[in-house]
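Remarks on the structure that follows.
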Amino acid sequence: MAAGDGPAWGKDTVAGVLAIVSTRLPLRDLCSLLLVSSSCYRDLLAQSTLWEVLDLREMSRAGERLISALSLARYQNVKRINLEFARDIEDEHFLLLRNKVMKSLHGLESLNLNGCQKITDKGIEAVTSCCPNLKAFFIYWNVRVTDLGIKQLIANCGQIVDLNLSGCKNISDRSLLMIAESYQELKVLNLTRCIKLTDVGLQQILLKCSYLESLNLYALSSLMDKAYKSIASLANLRFLDLCGAQNLSDEGLSCIAKCKNLVSLNLTWCVRITDTGVLALAQGCPSLEFLSLFGIVGVTDASLEALSKSCSNTLTTLDVNGCIGIKRRSHEDLLLLFPYLRCFKVHS
(Lines give C-alpha, C1' and ligand atoms only; values in the text may rest on other atoms or scores of the structure.)
Protein backbone atom coordinates (compact mmCIF):
# COMPACT_ATOMS: atom_id res chain seq x y z
CA MET A 1 0.00 0.00 0.00
CA ALA A 2 1.44 3.36 -1.01
CA ALA A 3 2.02 6.06 1.55
CA GLY A 4 -1.16 8.04 2.10
CA ASP A 5 -3.43 5.23 0.85
CA GLY A 6 -4.34 3.97 4.33
CA PRO A 7 -7.39 5.06 6.26
CA ALA A 8 -7.16 8.43 7.98
CA TRP A 9 -7.09 8.49 11.75
CA GLY A 10 -10.33 9.54 13.33
CA LYS A 11 -10.58 11.95 16.25
CA ASP A 12 -10.90 9.12 18.76
CA THR A 13 -7.74 7.47 17.46
CA VAL A 14 -5.77 10.71 17.63
CA ALA A 15 -7.00 11.31 21.17
CA GLY A 16 -6.01 7.78 22.14
CA VAL A 17 -2.52 8.14 20.69
CA LEU A 18 -2.06 11.48 22.45
CA ALA A 19 -3.13 9.93 25.73
CA ILE A 20 -0.41 7.28 25.40
CA VAL A 21 2.40 9.46 24.05
CA SER A 22 1.84 12.48 26.26
CA THR A 23 2.45 10.53 29.47
CA ARG A 24 6.04 9.93 28.33
CA LEU A 25 6.88 13.53 27.44
CA PRO A 26 8.80 16.01 29.59
CA LEU A 27 6.90 19.13 30.63
CA ARG A 28 8.53 21.35 28.02
CA ASP A 29 7.46 19.05 25.14
CA LEU A 30 4.02 18.58 26.61
CA CYS A 31 3.44 22.33 26.67
CA SER A 32 4.70 22.60 23.08
CA LEU A 33 2.19 19.95 22.03
CA LEU A 34 -0.61 22.13 23.39
CA LEU A 35 0.19 24.65 20.64
CA VAL A 36 -0.04 22.22 17.72
CA SER A 37 -3.77 22.66 17.16
CA SER A 38 -6.98 23.44 18.98
CA SER A 39 -7.96 19.77 18.92
CA CYS A 40 -4.63 18.76 20.46
CA TYR A 41 -5.15 21.40 23.10
CA ARG A 42 -8.62 20.09 23.95
CA ASP A 43 -7.55 16.44 23.94
CA LEU A 44 -4.55 17.08 26.19
CA LEU A 45 -6.52 19.14 28.66
CA ALA A 46 -9.04 16.32 28.84
CA GLN A 47 -6.26 14.04 30.16
CA SER A 48 -6.56 15.27 33.74
CA THR A 49 -3.87 12.93 35.09
CA LEU A 50 -1.25 14.68 32.92
CA TRP A 51 -1.62 17.82 34.98
CA GLU A 52 -1.35 16.13 38.35
CA VAL A 53 2.44 16.28 38.04
CA LEU A 54 4.49 19.46 37.71
CA ASP A 55 8.13 18.59 37.01
CA LEU A 56 10.50 21.56 37.07
CA ARG A 57 13.59 19.58 38.00
CA GLU A 58 16.86 21.45 37.28
CA MET A 59 14.99 24.14 35.33
CA SER A 60 16.11 27.75 35.31
CA ARG A 61 13.64 30.35 36.57
CA ALA A 62 11.79 27.50 38.25
CA GLY A 63 10.22 29.82 40.82
CA GLU A 64 8.59 31.96 38.14
CA ARG A 65 7.54 28.89 36.17
CA LEU A 66 6.00 27.37 39.28
CA ILE A 67 3.85 30.39 40.06
CA SER A 68 2.84 30.76 36.43
CA ALA A 69 1.87 27.09 36.08
CA LEU A 70 -0.18 27.01 39.26
CA SER A 71 -2.11 30.04 38.05
CA LEU A 72 -3.47 27.92 35.17
CA ALA A 73 -6.73 26.03 35.52
CA ARG A 74 -5.18 22.75 34.34
CA TYR A 75 -2.94 22.57 37.42
CA GLN A 76 -5.70 23.14 39.95
CA ASN A 77 -5.51 19.49 41.06
CA VAL A 78 -1.74 19.02 41.03
CA LYS A 79 -0.59 16.14 43.26
CA ARG A 80 3.19 16.07 42.75
CA ILE A 81 5.66 18.92 42.35
CA ASN A 82 9.32 18.23 41.62
CA LEU A 83 11.73 21.15 42.12
CA GLU A 84 14.83 19.02 42.65
CA PHE A 85 17.99 21.05 42.02
CA ALA A 86 15.97 24.03 40.80
CA ARG A 87 18.53 26.20 42.52
CA ASP A 88 16.95 29.60 42.00
CA ILE A 89 13.91 28.66 44.12
CA GLU A 90 13.77 30.99 47.13
CA ASP A 91 11.50 31.62 50.11
CA GLU A 92 9.92 34.55 48.29
CA HIS A 93 8.48 32.24 45.63
CA PHE A 94 6.65 30.24 48.28
CA LEU A 95 5.41 33.38 49.97
CA LEU A 96 3.95 34.47 46.63
CA LEU A 97 2.36 31.04 46.18
CA ARG A 98 0.65 31.33 49.51
CA ASN A 99 -0.74 34.74 48.62
CA LYS A 100 -1.75 34.01 45.02
CA VAL A 101 -2.49 30.34 44.35
CA MET A 102 -2.85 28.66 47.74
CA LYS A 103 -5.92 26.67 46.69
CA SER A 104 -4.00 24.99 43.85
CA LEU A 105 -1.83 23.18 46.40
CA HIS A 106 -4.60 21.90 48.63
CA GLY A 107 -4.46 18.42 47.07
CA LEU A 108 -0.66 18.25 46.78
CA GLU A 109 0.68 14.91 48.01
CA SER A 110 4.40 15.07 47.14
CA LEU A 111 6.86 17.99 47.22
CA ASN A 112 10.49 17.51 46.19
CA LEU A 113 12.83 20.31 47.28
CA ASN A 114 16.03 18.27 47.09
CA GLY A 115 19.02 20.51 46.45
CA CYS A 116 17.03 23.73 46.79
CA GLN A 117 19.65 25.27 49.05
CA LYS A 118 18.18 28.77 49.26
CA ILE A 119 15.08 27.58 51.06
CA THR A 120 14.97 28.31 54.80
CA ASP A 121 12.53 27.59 57.62
CA LYS A 122 10.54 30.61 56.41
CA GLY A 123 10.00 29.02 53.00
CA ILE A 124 9.03 25.68 54.49
CA GLU A 125 6.43 27.34 56.68
CA ALA A 126 4.99 29.22 53.70
CA VAL A 127 4.73 26.32 51.27
CA THR A 128 3.57 23.67 53.75
CA SER A 129 0.82 25.96 55.01
CA CYS A 130 -0.75 25.47 51.57
CA CYS A 131 -0.46 21.66 51.56
CA PRO A 132 -2.54 20.04 54.34
CA ASN A 133 -2.68 16.73 52.45
CA LEU A 134 1.05 16.37 51.82
CA LYS A 135 2.30 12.79 52.24
CA ALA A 136 5.87 12.98 50.91
CA PHE A 137 8.40 15.74 51.61
CA PHE A 138 12.00 15.74 50.36
CA ILE A 139 14.56 18.41 51.24
CA TYR A 140 17.93 16.71 50.76
CA TRP A 141 21.13 18.75 51.03
CA ASN A 142 19.82 21.84 52.80
CA VAL A 143 21.91 23.26 55.64
CA ARG A 144 19.59 26.22 56.25
CA VAL A 145 16.71 24.17 57.56
CA THR A 146 16.58 23.82 61.34
CA ASP A 147 14.33 22.23 63.93
CA LEU A 148 11.98 25.19 63.49
CA GLY A 149 11.35 24.23 59.87
CA ILE A 150 10.54 20.66 60.87
CA LYS A 151 8.20 21.97 63.58
CA GLN A 152 6.36 24.03 60.96
CA LEU A 153 6.17 21.07 58.58
CA ILE A 154 4.59 18.97 61.30
CA ALA A 155 2.15 21.72 62.30
CA ASN A 156 0.94 22.13 58.71
CA CYS A 157 1.14 18.61 57.30
CA GLY A 158 -0.07 15.80 59.52
CA GLN A 159 -0.09 12.94 56.99
CA ILE A 160 3.60 12.59 56.05
CA VAL A 161 4.67 8.97 55.38
CA ASP A 162 7.83 9.61 53.30
CA LEU A 163 10.42 12.07 54.63
CA ASN A 164 13.91 12.80 53.25
CA LEU A 165 16.09 15.01 55.47
CA SER A 166 19.40 13.75 54.06
CA GLY A 167 22.18 16.30 54.49
CA CYS A 168 20.11 18.63 56.69
CA LYS A 169 23.03 19.10 59.07
CA ASN A 170 21.34 21.63 61.33
CA ILE A 171 18.47 19.50 62.56
CA SER A 172 18.85 17.87 65.96
CA ASP A 173 17.21 15.28 68.18
CA ARG A 174 14.47 17.82 68.78
CA SER A 175 13.28 17.22 65.21
CA LEU A 176 13.32 13.45 65.67
CA LEU A 177 11.31 13.72 68.88
CA MET A 178 8.66 15.79 67.08
CA ILE A 179 8.62 13.39 64.11
CA ALA A 180 8.25 10.40 66.44
CA GLU A 181 5.29 11.98 68.18
CA SER A 182 3.50 13.23 65.07
CA TYR A 183 4.34 10.81 62.24
CA GLN A 184 3.81 7.39 63.77
CA GLU A 185 2.66 5.95 60.42
CA LEU A 186 5.89 7.03 58.71
CA LYS A 187 7.13 4.46 56.18
CA VAL A 188 10.28 6.03 54.71
CA LEU A 189 12.87 8.11 56.58
CA ASN A 190 16.25 9.30 55.30
CA LEU A 191 18.59 10.83 57.89
CA THR A 192 21.84 10.57 55.92
CA ARG A 193 24.58 12.89 57.27
CA CYS A 194 22.30 14.57 59.83
CA ILE A 195 25.35 14.83 62.03
CA LYS A 196 23.73 16.43 65.10
CA LEU A 197 21.51 13.42 65.75
CA THR A 198 22.18 11.08 68.67
CA ASP A 199 20.85 7.81 70.06
CA VAL A 200 18.24 9.74 72.05
CA GLY A 201 16.38 10.95 68.98
CA LEU A 202 16.80 7.77 66.96
CA GLN A 203 15.48 5.56 69.72
CA GLN A 204 12.28 7.58 69.87
CA ILE A 205 11.83 7.09 66.14
CA LEU A 206 12.39 3.34 66.49
CA LEU A 207 10.01 3.15 69.43
CA LYS A 208 7.10 5.05 67.90
CA CYS A 209 7.43 4.77 64.10
CA SER A 210 6.84 1.04 63.95
CA TYR A 211 5.57 1.05 60.35
CA LEU A 212 8.93 2.07 58.88
CA GLU A 213 9.83 0.13 55.74
CA SER A 214 12.93 2.13 54.77
CA LEU A 215 15.49 3.72 57.09
CA ASN A 216 18.66 5.44 55.90
CA LEU A 217 21.29 6.16 58.56
CA TYR A 218 24.22 6.56 56.16
CA ALA A 219 27.29 8.30 57.61
CA LEU A 220 25.98 8.70 61.17
CA SER A 221 29.10 7.31 62.78
CA SER A 222 28.42 8.64 66.29
CA LEU A 223 25.37 6.45 66.90
CA MET A 224 25.92 3.69 69.45
CA ASP A 225 25.14 -0.01 69.46
CA LYS A 226 22.22 0.37 71.87
CA ALA A 227 20.30 2.37 69.27
CA TYR A 228 21.07 -0.12 66.51
CA LYS A 229 19.71 -2.95 68.64
CA SER A 230 16.36 -1.15 68.81
CA ILE A 231 16.00 -1.48 65.02
CA ALA A 232 14.80 -5.02 65.76
CA SER A 233 11.38 -3.59 66.61
CA LEU A 234 10.73 -2.61 62.97
CA ALA A 235 8.87 -5.68 61.72
CA ASN A 236 8.09 -4.14 58.31
CA LEU A 237 11.62 -2.93 57.54
CA ARG A 238 12.82 -3.77 54.01
CA PHE A 239 15.60 -1.23 53.35
CA LEU A 240 18.35 -0.30 55.84
CA ASP A 241 21.51 1.70 55.16
CA LEU A 242 24.09 1.67 57.96
CA CYS A 243 27.15 2.64 55.92
CA GLY A 244 29.86 3.86 58.28
CA ALA A 245 28.20 2.58 61.46
CA GLN A 246 31.53 2.09 63.21
CA ASN A 247 29.91 1.27 66.57
CA LEU A 248 27.66 -1.49 65.26
CA SER A 249 28.64 -4.80 66.88
CA ASP A 250 27.83 -8.41 66.09
CA GLU A 251 25.27 -8.26 68.89
CA GLY A 252 23.65 -5.24 67.30
CA LEU A 253 23.57 -6.91 63.89
CA SER A 254 22.07 -10.04 65.45
CA CYS A 255 19.21 -7.87 66.73
CA ILE A 256 18.75 -6.28 63.31
CA ALA A 257 18.58 -9.82 61.85
CA LYS A 258 15.19 -10.14 63.54
CA CYS A 259 13.85 -7.88 60.76
CA LYS A 260 13.01 -10.90 58.64
CA ASN A 261 11.60 -8.87 55.74
CA LEU A 262 14.87 -7.07 55.00
CA VAL A 263 15.61 -6.96 51.28
CA SER A 264 18.43 -4.38 51.17
CA LEU A 265 21.17 -3.88 53.78
CA ASN A 266 24.26 -1.67 53.49
CA LEU A 267 26.96 -2.54 56.04
CA THR A 268 29.81 -0.79 54.25
CA TRP A 269 32.62 0.13 56.68
CA CYS A 270 30.81 -1.39 59.67
CA VAL A 271 34.26 -2.35 60.89
CA ARG A 272 33.32 -4.20 64.09
CA ILE A 273 31.28 -6.85 62.30
CA THR A 274 32.61 -10.41 62.11
CA ASP A 275 31.29 -13.77 60.94
CA THR A 276 29.18 -14.00 64.10
CA GLY A 277 26.98 -11.11 63.05
CA VAL A 278 26.71 -12.18 59.41
CA LEU A 279 25.76 -15.73 60.39
CA ALA A 280 22.89 -14.33 62.46
CA LEU A 281 21.90 -12.19 59.47
CA ALA A 282 21.90 -15.21 57.17
CA GLN A 283 19.61 -17.10 59.53
CA GLY A 284 17.21 -14.23 60.13
CA CYS A 285 16.92 -12.52 56.73
CA PRO A 286 16.37 -15.08 53.95
CA SER A 287 14.99 -12.53 51.47
CA LEU A 288 18.08 -10.35 51.05
CA GLU A 289 18.58 -9.09 47.50
CA PHE A 290 21.20 -6.39 48.20
CA LEU A 291 24.06 -6.69 50.71
CA SER A 292 27.25 -4.68 51.02
CA LEU A 293 30.02 -5.85 53.34
CA PHE A 294 32.54 -3.54 51.69
CA GLY A 295 35.65 -2.90 53.78
CA ILE A 296 34.81 -5.28 56.65
CA VAL A 297 38.02 -7.21 57.38
CA GLY A 298 36.51 -9.39 60.12
CA VAL A 299 34.34 -11.53 57.85
CA THR A 300 35.59 -14.70 56.18
CA ASP A 301 34.42 -17.31 53.69
CA ALA A 302 32.25 -18.74 56.48
CA SER A 303 29.96 -15.71 56.14
CA LEU A 304 29.44 -16.31 52.43
CA GLU A 305 28.79 -20.00 52.96
CA ALA A 306 26.11 -19.19 55.54
CA LEU A 307 24.53 -16.57 53.29
CA SER A 308 24.50 -18.99 50.36
CA LYS A 309 22.40 -21.45 52.34
CA SER A 310 19.64 -18.90 52.88
CA CYS A 311 19.98 -16.22 50.18
CA SER A 312 21.48 -17.94 47.14
CA ASN A 313 18.24 -17.58 45.19
CA THR A 314 17.57 -13.96 46.16
CA LEU A 315 20.88 -12.04 46.26
CA THR A 316 21.49 -10.04 43.09
CA THR A 317 23.93 -7.48 44.55
CA LEU A 318 26.81 -8.44 46.84
CA ASP A 319 29.84 -6.23 47.53
CA VAL A 320 32.69 -7.93 49.41
CA ASN A 321 35.47 -5.77 48.04
CA GLY A 322 38.03 -4.98 50.71
CA CYS A 323 36.95 -7.98 52.80
CA ILE A 324 40.47 -9.41 53.02
CA GLY A 325 39.32 -12.26 55.25
CA ILE A 326 37.28 -13.66 52.36
CA LYS A 327 39.69 -15.60 50.17
CA ARG A 328 37.26 -16.75 47.49
CA ARG A 329 35.77 -13.51 46.32
CA SER A 330 36.34 -13.51 42.57
CA HIS A 331 33.25 -13.12 40.41
CA GLU A 332 33.47 -16.79 39.49
CA ASP A 333 33.66 -17.88 43.12
CA LEU A 334 30.74 -15.67 44.12
CA LEU A 335 28.56 -16.91 41.26
CA LEU A 336 29.05 -20.48 42.42
CA LEU A 337 27.45 -19.51 45.72
CA PHE A 338 24.98 -16.91 44.41
CA PRO A 339 24.00 -17.72 40.81
CA TYR A 340 21.68 -14.70 40.45
CA LEU A 341 24.32 -12.06 41.24
CA ARG A 342 24.37 -9.20 38.74
CA CYS A 343 26.28 -6.54 40.66
CA PHE A 344 29.57 -7.11 42.48
CA LYS A 345 30.54 -3.55 43.36
CA VAL A 346 28.48 -0.90 45.10
CA HIS A 347 31.24 1.41 46.34
CA SER A 348 34.29 2.62 44.46
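Quick notes on this one:
- P(r), alpha carbons of the chain - 10 Å bins starting at zero, rounded %: 5, 22, 23, 20, 17, 9, 3, 0
- For the stretch 240-303 and the stretch 154-211, distance of Cα centres in Å: 24 Å
- Directionally averaged projected area (convex hull, Cα atoms, the stretch 184-235), nm²: 3.1 nm²
- The stretch 277-348: trypsin sites (Lys or Arg not before Pro) falling in loop per DSSP and having at most 15 other Cβ within 10 Å: Lys327, Arg328, Arg342, Lys345
- Between the stretch 31-92 and the stretch 94-133, the alpha-carbon center distance in angstrom: 15 Å
- Accessible surface computed residue by residue for the chain, with neighbouring protein chains in place and a 1.4 Å probe, gives 47 Å² per residue.
- Each other residue within a Cβ distance under 12 Å of Ser210 adds +1 if Lys or Arg and -1 if Asp or Glu, for a net charge of 0.
- A simple spin-label model places pseudo-atoms 7 Å from Cα toward Cβ; at Lys118 and Lys226 they are separated by 4.5 nm.
- Distance between the pseudo-spin-label points of Val143 and Lys260 (7 Å out from Cα toward the beta carbon): 4.5 nm.
- Computed helical MRE - 222 nm, the chain, DSSP H runs ≥ 4 contributing -39500 (n - 2.57), nearest 500: -10000 deg cm²/dmol
- Helix 173-182 axis versus longest C-alpha principal axis of the chain: approximately 70°, rounded to the nearest ten.
- Separation in nanometres of the label points that stand 7 Å from Cα toward Cβ, at Leu335 and Asn77: 5.1 nm
- Overall dimensions of the stretch 205-256, expressed as equivalent-ellipsoid semi-axes from the Cα gyration tensor (√(5λ), whole Å, largest first), are 17, 12, 10.
- For the stretch 68-147, the spread of Cα positions along the three principal axes, ordered from largest to smallest, is 35, 23, 21 Å.
- Carbon/sulfur fraction of accessible area - the stretch 197-348, other protein chains in place, 1.4 Å, %: 53 percent
- Proximal charge balance of Leu148 [Cβ under 12 Å; K/R count +1, D/E count -1]: +1
- The residues packed around Ser71, meaning those with a beta-carbon under 13 Å from its beta-carbon, carry a net charge of +3 if Lys and Arg are +1 and Asp and Glu are -1.
- Cross-link partners of Lys208 among lysines, defined as those whose alpha carbon lies under 21 angstrom from its own and excluding same-chain residues fewer than eight positions apart: Lys135, Lys151, Lys187, Lys196, Lys226, Lys229, Lys258, Lys260.
- Spin-label zone in the stretch 132-148 - amide nitrogen under 20 Å from a point set 7 Å from the Cα of Glu52 along the C-beta vector: 132-138
- Dividing the radius of gyration of the alpha carbons in the stretch 32-98 by their Kirkwood radius gives 1.01 for Rg/Rh.
The values are calculated or read from the model by the stated rules, or taken from the named source; none is laboratory data. Quick caveat: nothing in here was measured; it's all calculated off a predicted structure. Quick reminder, even Gly has a Cβ in these numbers, built from the backbone with ideal geometry, and neighbours come from all protein chains shown. These accessible areas exclude ligands, DNA and RNA; they are computed on the full protein's heavy atoms, side chains included. Shrake-Rupley method; radii C 1.70, N 1.55, O 1.52, S 1.80 Å.
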